[in-house]
Amino acid sequence: MPKMKSHSGAKKRFRATNSGNIKRGKIGKRHILTKKDTKRKRNLRQGAYMDKAFEKTAHTLLQK
């Protein structure tokens, strides 16, 4: 049986940590940044973790 390919879109967006959590970037920092205050933009720079509901699906997308 051939090897499973990982989802190329998921590879660019998510990362699995050693503890098994899925790390992702926050949304809302691509455009229209002039009206967002500095504190909000600074908080958007930090990463976030995937919800537990979607974690299993993300693991299957990232498997190699």
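Each residue of the stretch 16-21 is assigned a 3J(HN,Hα), and the resulting list reads 8, 8, 5, 7, x, 6 Hz, derived from the Karplus form 6.51 cos²θ - 1.76 cosθ + 1.60 (θ = phi - 60°), x at Gly and Pro. Potential lengthening of the chain between Lys56 and Lys5 amounts to 16.7 nm, from the contour at 0.36 nm per residue minus the alpha-carbon distance.
Beyond 32 Å in Cα-Cα separation lie the following of the pairs Lys29/Lys56; Lys5/Lys52; Lys5/Lys35; Lys12/Lys36: Lys5/Lys35. Extension gain for Asn18 to Lys35 (0.36 nm times residue separation, less C-alpha to C-alpha distance): 2.4 nm. Each Cα pair under 8 Å and six or more residues apart adds its separation to the average, and for the chain the resulting relative contact order is 46 percent. When the solvent-accessible area of the chain is split by element, carbon and sulfur atoms take up 52 percent of it, the probe being 1.4 Å. The calculated pair-distance distribution of the chain uses every alpha carbon pair, bins of 10 angstrom beginning at 0, and gives 19, 40, 26, 11, 2, 0 percent.
Per residue, the accessible area of the chain comes to 90 Å² when a 1.4 Å probe rolls over the protein heavy atoms. Any idea what angle helix 52-62 forms with the longest principal axis of the chain, computed on alpha-carbon atoms, 0 to 90 degrees, nearest 10? Relative to the chain, helix 52-62 is tipped by roughly 60 degrees.
The values are calculated or read from the model by the stated rules, or taken from the named source; none is laboratory data. All values derive from a computational prediction rather than experimental measurement. The accessibility values were calculated without ligands, DNA or RNA, using every heavy atom of the protein model including side chains. Shrake-Rupley method; radii C 1.70, N 1.55, O 1.52, S 1.80 Å.
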